[in-house]
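Structure first, then comments.
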Amino acid sequence: MSSEIPTKPTPTILVVILNYRTPDLTIDCLRSLVDEVKRLPQLRVTVTDNASGDDSAERIAAAIESEGWGDWATFMPLPQNGGFAYGNNAPIRELMEQDELTDYVLLLNPDTVIRPGAIKALMDFMEEHPNAGIAGSRLEDPDTTPQCSAFRFHTI
């Protein structure tokens, strides 16, 4: 009998960024993920474009190519603007159709700038709380001031 304790495989994560006419923000979001990919080599990113109809597709694809992000980032132009859920679900559906699994999916808006270690912290939380099905991160302004993202519903 081996005395080695089996180790759990490193979790995988798919980050989905949905673009609609915001190529500069999307490219900045990708740029903020560069160091995260170095920390988490199992991280993959898919940028979907919700049929922007502007130069978004060309600019984002060119940035992925010119910046050398192609090892971890892919671009998926969509044939129509099917809305928020459609754009986010497209790469997830593609993984499922290929029978590829990922442990986690992180949906990012294109105006997101990832702080160092943020994705790892989310993954660690999920690993430590296996009964949790979803987690969200704190929203911050560029000066790191927390953004209020919760509110009370209106009443009569």
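The values are calculated or read from the model by the stated rules, or taken from the named source; none is laboratory data. These numbers come from a predicted model, not from an experiment. Cβ sites come from the backbone with ideal geometry, for glycine too, and all protein chains shown count toward neighbours. The protein model used for the area step is the full one, side chains on, heavy atoms only, and it has no ligands, DNA or RNA in it. Shrake-Rupley method; radii C 1.70, N 1.55, O 1.52, S 1.80 Å.
Taking Cα centroids, how far is segment 26-42 from segment 57-133 in Å?
11
Per-residue ellipticity at 222 nm for the chain, helices alone: DSSP H runs ≥ 4 residues times -39500 (n - 2.57), over residue total, nearest 500 deg cm²/dmol?
Only helices count here, giving -11000 deg cm²/dmol.
Give me the accessible area per residue for the chain, probe 1.4 Å, as a whole number in Å².
I get 67 Å² per residue for the chain.
Based on the Kirkwood radius over alpha-carbon pairs, what is the Stokes-Einstein translational diffusion coefficient of segment 28-156 at 4 °C with 1.567 mPa s viscosity, in µm²/s?
78
Take the Cα pairs of segment 42-90, get the Kirkwood Rh, then feed it into Stokes-Einstein at 20 °C and 1.002 mPa s and tell me D in µm²/s.
Translational D for this selection: 189 µm²/s.
What percent antiparallel are the DSSP beta bridges of the chain, to the nearest 5?
5
To the nearest 10 Å², what's residue 38's accessible area with a 1.4 Å probe?
Spelled out: residue 38, probe radius 1.4 Å, area about 150 Å².
Taking a probe of 1.4 angstrom, what is the accessible area of residue 94 in Å², to the nearest 10?
90
Would you mind getting me the FRET efficiency between residue 86 and residue 149? Use the beta-carbon distance for r and R0 = 22 Å, nearest 0.05.
According to the calculation, E is roughly 0.40.
For labels at residue 156 and residue 98 in the simple 7 Å Cα→Cβ model, what's the distance in nm?
With each label point 7 Å from Cα toward Cβ, the separation is 5.4 nm.
Rank 15, 45, 105 by mean-square fluctuation in a GNM of the chain with C-alpha springs under 10 angstrom and give only the top-ranked residue.
Among 15, 45, 105, the largest GNM mean-square fluctuation belongs to 105.
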